[in-house]
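Enquirer: Handing you a structure now.
The values are calculated or read from the model by the stated rules, or taken from the named source; none is laboratory data. Everything numeric in this text was worked out from a predicted model, so none of it was measured. Cβ placement follows ideal geometry from the backbone for every residue including glycine, while neighbour counts extend to all protein chains displayed. Ligands, DNA and RNA are excluded from the accessible area calculation, which covers all protein heavy atoms including side chains. Shrake-Rupley method; radii C 1.70, N 1.55, O 1.52, S 1.80 Å.
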Amino acid sequence: MGLPSFDSFSTAARHKVWRGDTLGLADGQVIGTGHAALDAQLPGGGWPVGAMTELLQAAPEAHAWQLLLPALAQAVQGGAGPVALIGPPQEPFGPALAAQGLPVEALLWVRSEAPPAAEPPQGGRGLLGGQRGHAVPSVGAHVARLWACEQALRCAEVAAVLAWLPQARVGELRRLQLAAAQHDRLLFVFRPDTAAHSASPARLRLRLAACAADAAKIDVHILKRRGPPLAAPLQLPARSERMTALLAAGQLRRKLRQQQEGGLPSRTEGASVLRLGLHPEQGHALDRIALAA
């Protein structure tokens, strides 16, 4: 009796065979990332639901929110439940998140004692603050984060889980991956970019970095997906359209102010001209907000 040939397989069976040189299909439900260029490179066209997505970056909060906010806002607005934050490096800045569709009422912030191993260098502030470098939690805090993450994945009222686990081992990640699969949850785990060469059970692995050529964009390297390697990183906006417009408006105001200062005389017939609130070193309150953001 001879072996069956591929021609004897049904058409439906042949469609389920994945070739390694093509982008694979999603095994389950996905939710759009909100970034068309990224969706085009992901199996199924979005973040996998019921699977772990691992995000690697040098600073734990640097680009994560801009990347994840569209999908998180969509999940919350769909009534799927709140978003659980496990061990974030800084307290979330509610107004900035709410402005992009994720109200602070939809966040569950799970804190754990995680003193940094060393004083982190100073940096700018973002949606989660500006702490640079991954703080190394104590053993007890690390265990508490793992426990809280697993419990959140099992909770029927949680839409997504974001966990900062810089010390997670492969076995611990595998346990979280299994919990996400069993309960059909969105799971994002943040680890330092130094873990890029270590093994991981994550279905999807991305490395995020600032774009050297354009500060207004971020480089998204797809390290692992069901498909061929991505030769060059994707470049996505580092800020929302609203924040970009706010920063551009602030720059325009400062430019106009400088032009006005240069066009006005300093003295007229013994009378001094005072320019109130036009000192460039102070700026306008809105400018300071835009620069801080």
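Enquirer: How many residues are of a type in the set (S, T, N, Q) and either open to solvent by less than 50 Å² (accessible area, probe 1.4 Å) or modelled with pLDDT of 95 or more (or both) when one looks only at the stretch 1-37?
Expert: Within the stretch 1-37, the first condition is being of a type in the set (S, T, N, Q), and the residues that meet it are 5, 8, 10-11, 22, 29, 33.
With the extra rule that they be either open to solvent by less than 50 Å² (accessible area, probe 1.4 Å) or modelled with pLDDT of 95 or more (or both), the set shrinks to 33.
Matching residues across the stretch 1-37 total 1.
Enquirer: Continuing with this model, one more query. Being open to solvent by 30 Å² or more (accessible area, probe 1.4 Å) and either in contact (Cβ under 8 Å) with a residue 40 or more places away in the chain or under 21 Å from Leu153 (Cβ atoms) (or both) is the filter here, so list the residues in the stretch 90-104 that pass it. Can you show your working first?
Expert: Narrowing the stretch 90-104 to residues open to solvent by 30 Å² or more (accessible area, probe 1.4 Å): 90-91, 93, 95, 98-100, 103-104.
Result: Gln90, Ala99, Gln100.
Enquirer: Quickly run through the stretch 38-64 and pick out the residues that are within 10 Å of the chain's Cα centre (by Cα) and open to solvent by 10 Å² or more (accessible area, probe 1.4 Å).
Expert: If the condition is that a residue be within 10 Å of the chain's Cα centre (by Cα) and open to solvent by 10 Å² or more (accessible area, probe 1.4 Å), then Glu61, Ala62, His63 are the ones that fit.
Enquirer: How many of the residues in the stretch 142-156 are under 11 Å from Arg185 (Cβ atoms) and open to solvent by 30 Å² or more (accessible area, probe 1.4 Å)? Explain how you work it out, then say what you get.
Expert: Looking only at the stretch 142-156, we keep the residues that are under 11 Å from Arg185 (Cβ atoms), and these are 149-150, 152-156.
Cutting the leftovers down to open to solvent by 30 Å² or more (accessible area, probe 1.4 Å) gives us 154-156.
Residues flagged as under 11 Å from Arg185 (Cβ atoms) and open to solvent by 30 Å² or more (accessible area, probe 1.4 Å) within the stretch 142-156 amount to 3.
Enquirer: Okay, moving on. When both residues are 6+ apart or on different chains and their Cβ atoms are under 7 Å apart, which pairs have a first residue that lies in the stretch 182-193 and is more than 18 Å from Leu206 (Cβ to Cβ) and of a type in the set (S, T, N, Q), and a second that is assigned to a helix (DSSP H, G or I) and modelled with pLDDT under 95?
Expert: Partner pairs satisfying both residue conditions: none exist.
Enquirer: Among the residues of the stretch 142-187, which ones are of a type in the set (D, E, K, R), closer than 14 Å to Thr53 by Cα and not in a helix (DSSP H, G or I)?
Expert: Across the stretch 142-187, the qualifying residues are Asp184, Arg185.
Enquirer: Just the residues that are open to solvent by 50 Å² or more (accessible area, probe 1.4 Å) and either over 19 Å from the mean Cα position of the chain (by Cα) or closer than 13 Å to Arg145 by Cα (or both), please, taken from the stretch 182-212.
Expert: Initial filter on the stretch 182-212 (open to solvent by 50 Å² or more (accessible area, probe 1.4 Å)): 182-184, 193-194, 197, 199, 203, 207, 210, 212.
Within the stretch 182-212, Gln182, His183, Asp184, His197, Ala199 meet the criteria.
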